């Protein structure tokens with residue numbers, strides 16, 4: 001009943017306009033139709049940009065992580081905080097770019113979020129120009145604190161044509177206990193040597209080998225005997241996962257568990273493994 005009154009008023013106004021000024025009614029109707037069309041187009045465009053590039057008939061050749069360049073221009077700093085790890089990134093060739101003939105623009109949800117660096121673009125541009133798919137995703141949004149600009153790390157996946165020889169049977173996933181040290185000598189002065197290490201976050205699988213090569217003992221859960229928690233995702237400790245909650249409880253209870261963030265862990269890995 002509360003809606004009925006205003007609705008009647010609106011209908012009366014529309015009736016008056018259509019009678020007294022048919023042209024105004026026509027303009028109003030056209031405006032509404034145009035607005036609906038714009039909304040539909042925008043939604044379709046968003047769906048297009050959020051869908052991954054077709055890789056049918058191709059197989060993954062290799063992938064790598066890189067940091068986008070040019071993220072301090074064109075209002076990109078206001079876009080980056082709205083993005084999340086795992087979101088689809090589309091790469092667009094800019095063959096007529098006045099500054100770099102190999103330029104490759106990165107887009108997420110239809111918005112420009114930067115470019116591949118000149119060195120990286122020089123390697124990827126010929127691949128894209130040959131027609132091979134190159135897809136990507138947001139790896140991490142970094143910075144944005146203490147006056148620092150936001151940065152964006154993306155994962156780039158390059159494909160090649162599928163052939164009979166390129167289709168290999170999938171190898172069974174190794175258990176952590178089956179992963180052996182791949183270096184001849186372990187620097188025993190590194191903090192993770194013979195320490196119980198629990199690692200969590202995106203990209204955990206490829207980092208387990210690095211921890212083993214540092215002499216660390218990899219664990220899948222946080223326990224009282226855990227020495228280090230390696231959190232590859234920002235704010236993992238503040239998250240709602242069972243292990244994050246357990247870590248908070250143990251630290252609060254006085255257990256000497258040290259938490260290494262991605263930056264600290266990366267520096268440690270580079271110092272002792274050169275990776």
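Percent of Cα-Cα pairs more than 23 Å apart in segment 58-161, please.
That fraction is 23 percent.
Please report 56, 91 as a ranked list, fewest other C-beta atoms within 10 angstrom at the top and most at the bottom.
In increasing order of surrounding Cβ atoms, one gets 56, 91.
Residue 221 to residue 94: FRET efficiency via 1/(1 + (r/R0)^6), r the Cβ-Cβ distance, R0 45 Å, to the nearest 0.05?
0.40
Could you work out the percent of alpha carbon pairs in segment 203-253 separated by over 14 Å, rounded to a whole number?
It works out to 55 percent of all Cα pairs.
Mind sorting 65, 207 by how few other Cβ atoms lie within 10 Å of their own Cβ, fewest first?
65, 207
So if R0 is 45 Å, what FRET efficiency would residue 252 and residue 101 give, r being the distance between their Cβ atoms, rounded to the nearest 0.05?
0.20
Run the simple label-point estimate for residue 193 and residue 65 please: 7 Å along Cα→C-beta, distance reported in nm.
2.6 nm
Starting from the Cα of residue 132, step 7 Å toward the Cβ, then list every residue of segment 100-115 with an amide N under 19 Å from that point.
Residues 102-105 fall inside that zone.
Any read-out appearing in this document is the output of simple, stated calculations on the displayed coordinates, not a laboratory observation. Nothing here was measured: the structure is a model prediction, and the numbers come from that model. Quick reminder, even Gly has a Cβ in these numbers, built from the backbone with ideal geometry, and neighbours come from all protein chains shown.
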